[in-house]
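Everything on this sheet refers to the single structure shown next.
The values are calculated or read from the model by the stated rules, or taken from the named source; none is laboratory data. This one's a predicted model, so the numbers in the text were calculated from it and none came from an experiment. As a convention, Cβ positions derive from the backbone with ideal geometry for all residues, glycine included, and neighbour counts pool all protein chains shown.
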Amino acid sequence: MLKYSFYISFVIFIFGLIYRILQWIRFDLDTTSAGLSKIKRLIALWESLWNHLISAQALIMIKTFVWDGLLQVKILKSRPLQWIAHMSIFWGFVLLLLFHALDDHISVWVFSDYASTLNPFIFLRNVFGILVLMGIFVAFYRRRNNLIPKRISQKMDYVALLLIGSIIISGFLLEAFQIISENQFDSMLSDYMISDDEKEISALRAYWAKKYSVKFAQEVNTNDIELLKLGESVHIDSCASCHSPPQYAFISYNLAQIFSPISSFLNSLQIDAVLLFIHYILCFIGLAWIPFGKMFHIVSTPLNYLVNASTLEQSKNPISKANASIIALDACTHCGACSEVCAVEPINRIIGNDFILPSEKIQAARLMAEGAHPVILEKFSQGNNVCTSCNKCTQNCPSQIPLLGIWQKSKSELQIKGLYPPEKIINQHTAYEWSGLWNSQEKAAKKTDKSQKLKSFISDNPETYEACVQCSVCTQVCPVVSASSSIGSPIDLTPQQVMNLLRIGIKDKALGTQMVWNCTTCYMCQEHCPQHIPIADVFYELRNLANKHISLQKTGEK
Amino acid sequence: MQLKYSYFPGCKITGQFPKYDEATRFVMNALKVTLVDMPFNCCGYPIRHQNMEASVFSAARNFAIAEREHLDIMTPCKCCFGNLKHSLHLLKSDKTLLKHVNNLLQKEGLICSCTVEIKHLLTVLSHDIGLKNVKKQITHPLSSTQKIAASYGCHALRPADITNFDNPFEPTIFEDLIKITGAQTIFWTKRTECCGHPISEKNESLSKALLKAKISDAIQSDANLICTACTYCQIQYDEMGKDYLDGIPVISYSQLLGKAMGKNI
């Protein structure tokens, strides 16, 4: 049963791996890449693998793999605590995998006298297990308690931690119940005990009950010194070469002590066999899940390091560039390091579009590469437009993903797909047309929800313009008015005319005017206004309002 | 007493104008001013068009971070300066807004009490350090044949009642700082006008027209160098000015002062 479960999970793992690798050539971040032949991309992927193995690049690759992949020196420098957590999980798990899970193939071969129940193996297994659990605890704590990681953490992140944690905990429990298991003792007895002398067997039972904490259903006399002595000599003959004292399994042994009051009940349930099954199945689930969840980063992230390190790849022919950029998208571990330093992250706390945050935005970029739904793309576009290109995300990314490059590529890609920033959308209609569109939008909003009515402050207050005498000083000093005339496309309305629209209460006609949208916010008008009317501030507010209207517009209406 | 500021470089400087950052750190170090790097976020200027509340919150978080260390903010960018000043003004005059912002900041243990002061590189040099003290460090005075046009930058100058930078109509701070390097300054009418950067993505031709008018004025007024003190202005000259500049270099004030202190950056 377990054997077949393993085969099934292994087959899923292999096919998953192939599926993910094929996605690297199937999807494209940008339209230019989409035009390239898929066959050529597959060949390029293969060629590049080959070229790196046979050339001097191999040395760079080995160095990068060890330095960035295995030791993760980059994380150590920028985020020591996360490095400790990640290293604990990674190395604890890898060592358990190699020397415990694959002990029949590796440990036996490396250590001539290997037995899983001997020291130091029994002790180290517990050390590695607790290392993984500690790492998971730190990671979990960070995701639950730090502001930004808490906001971005998704089911997937917790499931990964939970699955790894369950594998380790089930392992500890399994070991604990094996220590106290009578069945385990009996089956070992029938396999390895040469003599079948009743007295020797009961002596051994007494010895193991006392020294190895096996809990027998029938009372065993552990106070008979003669019996224990005999038991010890039988133990030395038959068991000692493979069994170190269970105390060395410092976690499992103590767990076993906790359960000792109900041990006979647990033994009667054959709980050790049940846990063995659970422990194996969890491992198999983990294996099968690797290609489909965030744990795929154990493949894609090191690969991304290698792509970045390669000097061959930097030759940058469009085919390998297309492959590299899609691999980079897969290298994200959703750790959130980028979002923690993102310069516009606080803006998200007001606007509430998580696609402002790099860690979420990269998922949107991947969805776009896969051909995502327009609604997602629109949210992505709005989030991406907030980016100020400070590049902190790229500098802080432990997976070395060229994030800023992805945002810039996405920006032009989104425009190709028809998703323009508000300052471009506003040119699609005249101010008069916008006013009609937005008035109907407001009416619809009023019907459904009164609170949806868009608020404004200074521009709705008649006192703001009360003092305006239409002297046109604002227009005379406005550099936009003069510069637009100088290039032969005079602006639609002058600042003074916009003020007049507001004065007579037709603000809706002003929202989409070129004057409002081409204002450079130089504040010349406001500074020169003899009546101290906050003209530039009003323009800001009008743009705020128009932006809200644009973002409320449903997809397809634009 | 030694001067110490929390340094607010602004988002664009690392990517698009790293020399300004380097030169600013160099001159401040030479003048024995300590600049402390902090985990600041965006000043809120770019989002102000779209959402004033987000802009103010973004600025307020920076205030809270600086206030936690009891330091004033110094920025070399005039757009950052202008927006930080504007947000601080709004927060000081609107208690409801301040309370709302602090409710949000509280979640990460921050609080904005509006005690921070916002300074621009030029005001720090001119008011806090003092022209005399800056002049003392000038070891390699610039040639007096150097005729420099000071390009002011709108968001520091205006609205003057909020920014308190200098006289918005007849400012002198920038020219005074240039003169102590030994170079000459020229008067040009468009020195306080907009460089066009704020609309460079919205309307490129108009943005270029604004810059062109400015550059032509500087050239006609006999300038052989244009000096900026704002990351955005410099980016605008660098990206859009090539066709109009006629070989006239455009550098930041930190680089100019650095040169007068014997270091070419």
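Condition check: farther than 21 Å from A:V127 by Cα, in a helix (DSSP H, G or I), modelled with pLDDT of 95 or more and touching a helix residue (DSSP H, G or I) at 6+ places or on another chain (Cβ under 6 Å). Does A:G69 satisfy that?
Here the answer is no, as A:G69 does not meet what is asked.
So if I check each of A:P402, A:P398, which one is within 27 Å of the chain's Cα centre (by Cα) and under 12 Å from A:P358 (Cβ atoms)?
Answer to the check: A:P402.
Across the range A:365-383, what is the total count of residues that are within 14 Å of another protein chain (Cβ to nearest Cβ) and of a type in the set (G, A, S)?
2
Scan the range B:155-195 residue by residue and report those that are of a type outside the set (A, V, I, L, M, F, W, C) and under 22 Å from B:K92 (Cα atoms).
Selection gives B:H155, B:R158, B:P159, B:D161, B:T163, B:N164, B:D166.
What is the one condition in (1) hydrophobic (A, V, I, L, M, F, W, C); (2) in contact with a Gly (Cβ under 8 Å, 6 or more places away or on another chain); (3) part of a helix (DSSP H, G or I) that B:I235 does not satisfy?
Only one criterion in (1) hydrophobic (A, V, I, L, M, F, W, C); (2) in contact with a Gly (Cβ under 8 Å, 6 or more places away or on another chain); (3) part of a helix (DSSP H, G or I) is unmet by B:I235, namely (2).
Checking B:C114 against (1) closer than 30 Å to A:N145 by Cβ; (2) within 12 Å of chain A (Cβ to nearest Cβ); (3) modelled with pLDDT of 95 or more, which single condition isn't satisfied?
B:C114 satisfies all of (1) closer than 30 Å to A:N145 by Cβ; (2) within 12 Å of chain A (Cβ to nearest Cβ); (3) modelled with pLDDT of 95 or more except (2).
Among what's in the range A:477-522 and is of a type in the set (V, I, T) and in contact with a Leu (Cβ under 9 Å, 6 or more places away or on another chain), pick the residue that is farthest from the other protein chains (Cβ to nearest Cβ).
Looking at the filtered set, the residue picked out is A:V498.
Only one of these conditions is not met by A:I347: (1) part of a helix (DSSP H, G or I); (2) touching a residue at least 24 places away in the same chain (Cβ under 8 Å); (3) more than 10 Å from chain B (Cβ to nearest Cβ). Which number is it?
Exception for A:I347: condition (3).
What's the total number of residues in the range A:55-69 that are surrounded by 14 or more Cβ atoms within 10 Å (Cβ to Cβ) and under 14 Å from A:N304 (Cα atoms)?
Residues in the range A:55-69 being surrounded by 14 or more Cβ atoms within 10 Å (Cβ to Cβ) and under 14 Å from A:N304 (Cα atoms): 7 in total.
Does A:I362 qualify as being among the aliphatic types (A, V, I, L, M) and more than 11 Å from chain B (Cβ to nearest Cβ)?
In short, yes.
What are the residues in the range A:342-362 that are within 15 Å of A:C393 (Cβ to Cβ) and either assigned by TED's automatic domain parsing to the domain that holds A:K77 or surrounded by fewer than 20 Cβ atoms within 10 Å (Cβ to Cβ) (or both), if any?
Hit for the range A:342-362 is A:D354, nothing else.
Tell me which residues, restricted to the range A:49-62, are in contact (Cβ under 8 Å) with a residue 12 or more places away in the chain and either among the hydrophobic types (A, V, I, L, M, F, W, C) or closer than 15 Å to A:L22 by Cα (or both).
Residues satisfying the conditions are A:I60, A:M61.
Please count how many residues of the range A:32-54 are under 14 Å from A:L306 (Cα atoms) and surrounded by 14 or more Cβ atoms within 10 Å (Cβ to Cβ).
Counting residues in the range A:32-54 that are under 14 Å from A:L306 (Cα atoms) and surrounded by 14 or more Cβ atoms within 10 Å (Cβ to Cβ) gives 4.
Filter the range A:174-184 down to residues that are in a helix (DSSP H, G or I), surrounded by 20 or more Cβ atoms within 10 Å (Cβ to Cβ) and not β-branched (V, I, T), then give me how many there are.
Result for the range A:174-184: 6.
How do the helices (runs of 4 or more DSSP H) wholly within the range B:2-97 filter down when requiring 2 or more residues that are more than 9 Å from chain A (Cβ to nearest Cβ): which remain?
B:18-30, B:52-68, B:78-93
If you go through the range A:234-244 one residue at a time, do you hit one that is in a helix (DSSP H, G or I), within 42 Å of the chain's Cα centre (by Cα), of a type outside the set (S, T, Y) and under 28 Å from A:V127 (Cα atoms)?
No, there is no match, as no residue in the range A:234-244 is in a helix (DSSP H, G or I), within 42 Å of the chain's Cα centre (by Cα), of a type outside the set (S, T, Y) and under 28 Å from A:V127 (Cα atoms).
Does A:D492 satisfy the condition of being part of a loop (DSSP other than H, G, I, E, B), of a type in the set (D, E) and either at pLDDT 90 or above or buried (at least 18 other Cβ atoms within 10 Å of the Cβ) (or both)?
When the stated conditions are applied, A:D492 passes them.
Which one of A:T394, A:T388 is more than 24 Å from B:R48 (Cα to Cα) and within 14 Å of chain B (Cβ to nearest Cβ)?
A:T394
Inside the range B:140-164, can you point out the residues that are assigned to a loop (DSSP other than H, G, I, E, B) and either surrounded by fewer than 24 Cβ atoms within 10 Å (Cβ to Cβ) or among the aliphatic types (A, V, I, L, M) (or both)?
B:H140, B:P141, B:L142, B:S143, B:S144, B:T145, B:Q146, B:P159, B:N164
Somewhere in the range B:122-129, is a residue of a type in the set (S, T, Y) and part of a loop (DSSP other than H, G, I, E, B)?
No, there is no match, as no residue in the range B:122-129 is of a type in the set (S, T, Y) and part of a loop (DSSP other than H, G, I, E, B).
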